[in-house]
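A short write-up of the structure that comes next.
The values are calculated or read from the model by the stated rules, or taken from the named source; none is laboratory data. Source: prediction; values computed, not measured. Cβ atoms come from the backbone with ideal geometry, glycine included; neighbour counts cover every protein chain shown. Protein only, heavy atoms only, side chains kept; ligands, DNA and RNA dropped before computing areas. Shrake-Rupley method; radii C 1.70, N 1.55, O 1.52, S 1.80 Å.
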Amino acid sequence: MSDLLEYSFFQSPYLNITARNILVLLAILLFIKLARKAYTVFISRKLRALDTFDKEKELILVRAGRGIILIIGIIIAIFSLGLSGLLGLVFNYELVKIDKISLTPGKILVFVLILIFARLISRLVRVLLKKNFSKKTWIDEGKEYTIFKLTKYGLYGLAILIGLTSLGLDIKLIVGGLGALLVGLGFGLQHLFYDLISGIIILFEGPVKVGDVIEVDGLVARVQQIDIRTSKVLTRDGKYIIIPNSNLIGEKVVNWNHGSELTRFNINVNVKFGTDTALVRDILYNSALKHPDVSKNREIIVRFEDFAENGLKFSVFFWARKTWVVETLQSEIRFEIDQQFRNQGIVITIPQREMHLINSRNDSPNPLSSPQ
């Protein structure tokens, strides 16, 4: 039996594949599969038993644990099969060598693992920030997003520096290279550099935050995501638009949420001459007042604007909370105004023009006809 287990299918100075090694490898693979499954069930049960269950936290812990189990299993398999020497030879093989800097598969693997670790840490930080900030009244969705983004960029920047250092690069050369790169961006890629600086300004100062309703060049949209160079907004038509951050800093942007949750809007209407103006004023005021989304704590103003060409011009001004769907709100108020006008016999006028047609053939003489 022992001779059968030691039967070699392939043999080299660095690798010897025997029946025993194959059985050990199969046992390790089975152990990895069962351990990953058991870990997933254990974590899920523990977290779901808590009063505050967080799906994202569960996903992060499950993925991190399963990854660690897989790495441990691979390490056990390597040493059990006697592949440590071959693995060391592969990892230390020089792919590229420049001066004193050599690039090997091992260093590349370390660099990738550092980035993966930074990604896991950033996601875990997001869960912790979300859990802690949910109890803070002074931190809204936009500030929470900004803090997370800055933390994420900081972690990735630190991970890249550590990773480059692990490749054998001098930290002084890295910093000097980044300085030269920034100078190059400043001269050769001014628009891109301006977008990056604008993104940093937005994240730090917060003139525009995630969840804000903004108006840029007549486009009304809600900010969904702010990245270091561009921002993603959602229009009221359900379309996603990518806007360079420089547009949010350098151009005129109306932030409907900045400073106050209320915004003032108005509705204009014209009625024919001779209409009871006091009655029109009451109808406009009450139509706006009775709408549930119009603020009752702010003054509703009805103005008699002018004696227009087509009648008497009125405007009603009100403060609304639902700025995202204000056109629907205005439409509902217009329906109410029209219904009240119909009940009171008030006629809404529109601009009219009279057109006079002149028959040039009958009214002007024919230049080709001879005089009689």
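Couple of notes before you dig in:
- For segment 274-330, the list of GluC sites (Glu not before Pro) that fall in a loop by DSSP and count at most 14 other C-beta atoms within 10 angstrom reads 299, 309.
- Derived scalar couplings between HN and Hα for segment 283-294 equal 5, 5, 5, 5, 5, 6, 5, 7, 6, x, 8, 8 Hz in order, rounded to whole Hz, by the Karplus curve 6.51 cos²θ - 1.76 cosθ + 1.60 (θ = phi - 60°), x for Gly and Pro.
- Relative to the current alpha-carbon distance between residue 55 and residue 94, full extension at 0.36 nm per residue lengthens the span by 9.7 nm.
- Ordered from highest to lowest accessible area with the whole protein assembly present and a 1.4 Å probe, 321, 264, 36 read as 321, 264, 36.
- Förster-model FRET efficiency, 30 Å R0, residue 37 and residue 80, C-beta, rounded to 0.05: 0.90
- Between residue 150 and residue 325, the simple label model (points 7 Å from Cα in the Cβ direction) yields a spacing of 3.5 nm.
- Computed 3J(HN,Hα) for segment 215-223, one whole-Hz value per residue from the Karplus formula 6.51 cos²θ - 1.76 cosθ + 1.60 where θ = phi - 60°, is 10, 10, 6, x, 8, 9, 8, 9, 6, glycine and proline marked x.
- Segment 236-269 residues near the modelled residue 217 label - backbone nitrogen below 12 Å, point 7 Å along Cα→Cβ: 242-244, 247-248, 251-252
- Computed from the C-beta positions of residue 240 and residue 281 and an R0 of 45 Å, the FRET efficiency is 0.55 to the nearest 0.05.
- Surface accessible to a 1.4 Å probe, residue 74 within the full protein complex, Å²: 80
- Where chymotrypsin sites (Phe, Trp or Tyr not before Pro) fall in DSSP loop in segment 200-301, at most 13 other Cβ within 10 Å: 273
- Amide H contacts of residue 295 (H built 1.01 Å from N, under 5 Å, at least 5 apart or other chain): 319, 320, 321
- Between residue 317 and residue 108, the contour length at 0.36 nm per residue exceeds the Cα-Cα span by 68.8 nm.
- When nucleic acids and ligands are ignored and a 1.4 Å probe is applied, residue 332 ends up with an accessible area of around 90 Å².
- Linear extension gain, residue 128 paired with residue 305, 0.36 nm per residue minus alpha-carbon span: 58.2 nm
- Segment 232-350: C-alpha pair distances exceeding 24 Å, %: 39
- With the simple model of a label 7 Å out from the Cα in the direction of the Cβ, residue 339 to residue 224 spans 3.6 nm.
- Whole-number percent relative contact order across segment 214-327, with pairs defined as alpha carbons under 8 Å at least 6 apart: 24
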